[in-house]
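The values are calculated or read from the model by the stated rules, or taken from the named source; none is laboratory data. For clarity, every value in this text was computed on a predicted model and none was experimentally measured. Cβ coordinates were reconstructed from backbone atoms using ideal geometry, including for glycine residues, and neighbour counts include every protein chain displayed. These area figures cover heavy atoms from the full protein model, side chains too; ligands, DNA and RNA do not enter into them. Shrake-Rupley method; radii C 1.70, N 1.55, O 1.52, S 1.80 Å.
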Amino acid sequence: MGRKSKIAAVVLSISVLLGGCSLGKNDIVFTTGLSANEVFKIEHEKVSLAEAKVYLCNYQNLYGNVYGIDLWEQQYQTDDLEQYVKDVTLSEMTRVICMDQLAEQKEITLSKEEKTNLKLAAKEYYESLNEEEKSYMDVSEATIEKLYENYALASKVYTSLTTGVNEEVSDDEARVMEAQQIYVKDQSRAGEASRLANGEDFRTVAADYNEAAQIDITFGRDEMPKEVEDIAFNLNDDEISGSIATEDGYYFIKCINKFNQELTDANKDKIVKKREKEAFNDEYDAFVADLSSSLNEKVWDELELKTDGTITTNSFFEVLDKYYQLEE
């Protein structure tokens with residue numbers, strides 16, 4: 001994965017996207033009580049149209065370019081893509097503002113050194129913008145600096161709420177095995193596939209009967225039906241299970257490697273991240289439950305992305321990560 005792709009992943013890693021226009025479990029209240037230059041308000045904090053456009057421009061280029069293909073240029077489902085970019089922008093900015101207010105409650109602040117670094121980041125990013133981008137965003141270096149401080153503070157809150165999460169994960173809990181599978185939906189086909197018991201080659205039988213997308217698979221705990229997991233994780237290398245009945249069909253599993261060390265180590269990181277996410281969500285959801293919010297529906301609905309090729313900026317988060325290490 002390239003650096004820009006990694007940054008795109010990091011950008012979303014501290015957030016659980018709110019999905020549409022919501023604040024935690026509450027709907028954002030649609031209103032016309034905001035000015036034409038304001039997008040939304042949560043408690044006392046307002047977000048301007050210029051601030052939202054910075055996120056929009058970067059997201060439209062991060063998500064609108066896949067494997068070097070410009071989806072905007074190809075006119076590939078651009079209406080759906082534009083709505084997705086706007087949803088991500090609203091969700092992420094909402095989350096950041098909420099986290100900043102949680103920081104205020106917990107008296108979490110940025111240090112003088114962090115602010116100095118963020119000021120340098122804002123200068124670098126602002127100077128990277130072309131004149132068309134500056135005009136469309138109607139943005140200043142000071143606005144970029146504010147956005148960077150908001151995002152960095154949100155990242156700091158995430159660190160605070162997830163500090164102390166148990167990072168010890170056993171090999172057994174994280175174990176990932178390599179296997180081959182045959183999956184069929186009905187019992188009669190499962191009976192036919194049982195010719196494996198006669199010593200027929202697993203892959204040959206799988207080619208005739210497997211109804212799953214793949215024959216070769218890797219999986220860890222809680223990724224397969226429990227009936228499959230209970231049997232599969234007790235197989236030795238090259239051992240083949242019998243027919244395993246589940247609610248959705250029948251499985252045959254051949255164990256290729258009962259313990260893949262590399263994939264297991266990577267899965268340990270995923271498990272820790274999941275624990276952190278759960279710890280964060282518990283406190284965050286409780287905090288946002290009572291926050292008041294409003295969205296300038298007219299301004300937001302009428303806002304259009306500029307996808308004529310003049311807006312190319314996509315380094316907002318990459319520059320931020322250069323000067324302030326984002327939580328991954």
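Screening Lys274 on (1) open to solvent by less than 70 Å² (accessible area, probe 1.4 Å); (2) within 30 Å of Ser155 (Cα to Cα) shows it passes everything except condition (1). Collect the residues in the range 45-81 that are farther than 16 Å from Glu133 by Cβ, touching a Phe, Trp or Tyr at 6+ places or on another chain (Cβ under 9 Å) and at pLDDT 90 or above, keeping them in residue-number order. Scanning the range 45-81 gives Lys46, Val47. Is it fair to say Ala213 is open to solvent by less than 40 Å² (accessible area, probe 1.4 Å) and either at pLDDT 95 or above or closer than 27 Å to Val54 by Cα (or both)? Spelling it out, it is not the case that Ala213 is open to solvent by less than 40 Å² (accessible area, probe 1.4 Å) and either at pLDDT 95 or above or closer than 27 Å to Val54 by Cα (or both).
Looking only at the range 286-322, residues that are in a helix (DSSP H, G or I), of a type outside the set (A, V, I, L, M, F, W, C) and open to solvent by less than 60 Å² (accessible area, probe 1.4 Å) come to 2 in all. All told, Leu34 falls short of being closer than 16 Å to Asp301 by Cβ, at pLDDT 50 or above and in a helix (DSSP H, G or I). Could you go through the range 145-158 and let me know if any residue there is within 31 Å of the chain's Cα centre (by Cα), surrounded by fewer than 19 Cβ atoms within 10 Å (Cβ to Cβ) and within 30 Å of Leu303 (Cα to Cα). Within the range 145-158 (the criterion being within 31 Å of the chain's Cα centre (by Cα), surrounded by fewer than 19 Cβ atoms within 10 Å (Cβ to Cβ) and within 30 Å of Leu303 (Cα to Cα)), the answer is yes, since at least one residue qualifies.
Considering the range 181-193, the residues that are assigned to a helix (DSSP H, G or I) and touching a helix residue (DSSP H, G or I) at 6+ places or on another chain (Cβ under 9 Å) include one that is most open to solvent (accessible area, probe 1.4 Å), namely Glu192.
In the set (1) out of contact with any Lys or Arg (no Cβ under 8 Å at 6 or more places or on another chain); (2) free of Cβ contacts under 8 Å to residues at least 24 places away in the same chain; (3) open to solvent by 50 Å² or more (accessible area, probe 1.4 Å); (4) not β-branched (Val, Ile, Thr), the condition left unmet by Leu120 is number (2). Scanning the range 194-230 for residues that are farther than 25 Å from Asn267 by Cβ, of a type outside the set (A, V, I, L, M, F, W, C), within 36 Å of the chain's Cα centre (by Cα) and part of a helix (DSSP H, G or I) yields Arg203, Tyr209. Of the residues that make up the range 166-180, is at least one over 28 Å from the mean Cα position of the chain (by Cα) and buried (at least 17 other Cβ atoms within 10 Å of the Cβ)? Checked the range 166-180: at least one residue is over 28 Å from the mean Cα position of the chain (by Cα) and buried (at least 17 other Cβ atoms within 10 Å of the Cβ).
If the condition is being closer than 30 Å to Arg95 by Cα and either open to solvent by less than 30 Å² (accessible area, probe 1.4 Å) or part of a strand (DSSP E or B) (or both), then the range 231-270 contributes only Asn267. Checked against (1) at pLDDT 95 or above; (2) in contact with an Asp or Glu (Cβ under 6 Å, 6 or more places away or on another chain), Leu291 passes all but a single condition, namely (1).
Scan the range 254-286 for residues that are of a type in the set (A, V, I, L, M, F, W, C) and touching an Asp or Glu at 6+ places or on another chain (Cβ under 9 Å) and the total you get is 6.
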